[in-house]
Amino acid sequence: MAATVVDIAKKAAVSVGTVSRVLNHQPNIDVALKQRVLGAMEQLDYRPRRLARGTKDGSSKKQTGQIAMMLINLPDHVAHTAYMMQYIHGVQQETAAAGRKCLFVTWNEESDGDAIPPVLLDGEIDGIIVKHFLHSEIVQQWLNRYPRVFLNPAGASPDCDCVMVDYEEGIRDCVAYLASLGHRRIAFVGLPHFHTKLLGYRRAVKELGLDVDEGLIQTRDISLEDTSQELDLNWAIENLWSLSEPPTAILSNDYFCGAIYHALAERGLKVPDDVSIIGYDNETSLCEAIRPKLTSVDIKAVELGKIAAKQLLDRIQNPQESYRKISIRGKIVERESVRKL
């Protein structure tokens with residue numbers, strides 16, 4: 001027999017009224033009491049409203065006609081990008097074409113703690129598209145109750161449906177493109193956790209017989225949370241130009257490329273006369289605004305959003321099928337920041 005509000009109250013040793021307040025997301029609830037109620041709900045596998053009529057994996061014969069796109073722990077410098085809006089646009093297009101509605105929800109671990117997002121508690125959705133990453137175990141447990149698709153997740157892809165940018169092949173394409181224009185010393189600037197991008201870079205350099213020089217790889221942990229501070233990449237340019245033979249081209253993401261332009265200008269170096277620059281993400285507002293205009297890789301964000309929505313709708317209809325991980329390769333958009341040697 002399915003658990004009831006009374007069962008939860010007994011398990012958590014609280015009143016039915018307290019359980020009701022938690023379920024209705026009312027403010028000013030004691031944190032300890034709230035955690036006891038949520039813990040009891042998890043232990044009893046309580047499934048509210050429409051979700052209660054579903055199966056253990058969150059599928060439901062009587063569907064709500066709604067899905068959600070959850071933006072979880074999204075840094076400001078990512079949340080405000082054009083490609084994030086393109087992800088959302090793609091999801092909206094595919095959802096509307098299927099006659100469904102999509103709710104858009106933001107949730108941040110730092111400010112929200114282990115507070116369960118109301119959209120998960122209500123059970124008024126049939127499935128979820130998740131963007132970015134999650135650490136909270138209790139929120140993850142609630143998330144796992146629904147059919148879900150991760151859209152280009154940060155870090156390792158979770159054990160569920162995923163739609164991802166093929167960074168390894170995309171970076172390899174960038175290196176091959178630069179090599180076709182005569183560049184042999186190609187630098188990579190980024191963060192240490194750009195594992196797949198670095199893998200693509202190293203693989204391409206080796207396969208194409210280009211100069212192998214660890215000094216051409218410049219990575220450093222940088223806090224990207226404070227967007228009020230201008231990104232400083234002078235250290236990377238100083239290190240690269242301290243080499244006996246500096247690079248003729250630099251590869252990074254668009255956000256870093258803007259700072260690279262600035263650091264190069266401070267040294268009196270011009271793009272692309274002194275060094276070619278190629279970015280990644282095709283952040284159009286940035287690529288078109290800086291001079292010279294930045295050549296970059298379009299990650300096909302609208303297409304990714306559409307595929308994620310379609311994949312979720314398929315999962316809702318076919319909950320027992322094997323998980324699928326789909327990778328989409330980007331396309332280089334040529335502008336003015338790369339020259340032939």
Angle, helix 301-317 long axis vs. longest principal axis of the chain, Cα atoms, 0 to 90°, nearest 10? 30
Long-range amide H partners of Lys293 with built H, under 5 Å: Glu336
For each of Phe150, Phe194, count neighbouring Cβ atoms within 10 Å of the residue's Cβ, then give the residues from fewest to most. Phe194, Phe150
Net charge (Lys, Arg +1; Asp, Glu -1) of residues whose beta-carbon lies under 9 Å from that of Val212, Val212 excluded, is -1
Cα principal axis extents for the chain, largest first, Å: 74, 39, 33
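What's the exposure ranking of Val91, Val5, going from fewest to most Cβ atoms within 10 Å? Numbers along the way, then the final one.
Details: Val91 27, Val5 17.
The fewest-first ordering by Cβ neighbours comes to Val5, Val91.
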GNM, the chain, Cα, under 10 Å: largest mean-square fluctuation among Gln93, Gln141, Gln63? Gln141
Across Ala96, Ala187, Ala308, the residue with the highest GNM fluctuation in the chain (Cα network, 10 Å cutoff) is Ala96
What does the convex hull of the alpha-carbon atoms of the stretch 1-46 project to on average, in nm²? 2.8
Any lysines whose Cα falls less than 23 Å from that of Lys11, other than same-chain ones fewer than 8 residues away, would be Lys34, Lys56
Considering only Asn239, Asn253, Asn282, give the residue with the highest GNM mean-square fluctuation for the chain, with springs between Cα atoms whenever their separation is below 10 Å. Asn239
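Explain nothing, just the number: relative contact order of the chain, from Cα pairs under 8 Å at least 6 residues apart, as a whole percent. Let's see the in-between values first.
On the way: 597 pairs, mean separation 65.8, N = 341.
Computed over the chain, the figure is 19 percent.
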Over the stretch 1-46, what is the relative contact order in whole percent, taking alpha-carbon pairs under 8 Å and six or more residues apart? 48
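Any idea what the alpha-carbon Rg over 2.2 N^0.38 Å comes to for the stretch 167-298? Display every interim value, and only then the final one.
Numbers: Rg = 13.6 Å, N = 132, 2.2 N^0.38 = 14.1 Å.
So the stretch 167-298 has a normalised radius of gyration of 0.97.
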For the chain, give the share of DSSP beta bridges that are antiparallel, in percent and rounded to the nearest 5; count only bridges with both residues there. 10
Give the angle, between 0 and 90 degrees and rounded to the nearest 10, that separates the Cα long axis of helix 82-97 from the longest principal axis of the Cα atoms of the chain. 50
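Quick note: the coordinates plus some simple rules give every number you see, no bench work behind them. Every value quoted in this text rests on a predicted model; they were computed, and no experiment measured them. All Cβ positions, glycine included, derive from the backbone under ideal geometry; neighbour counts span all protein chains shown.
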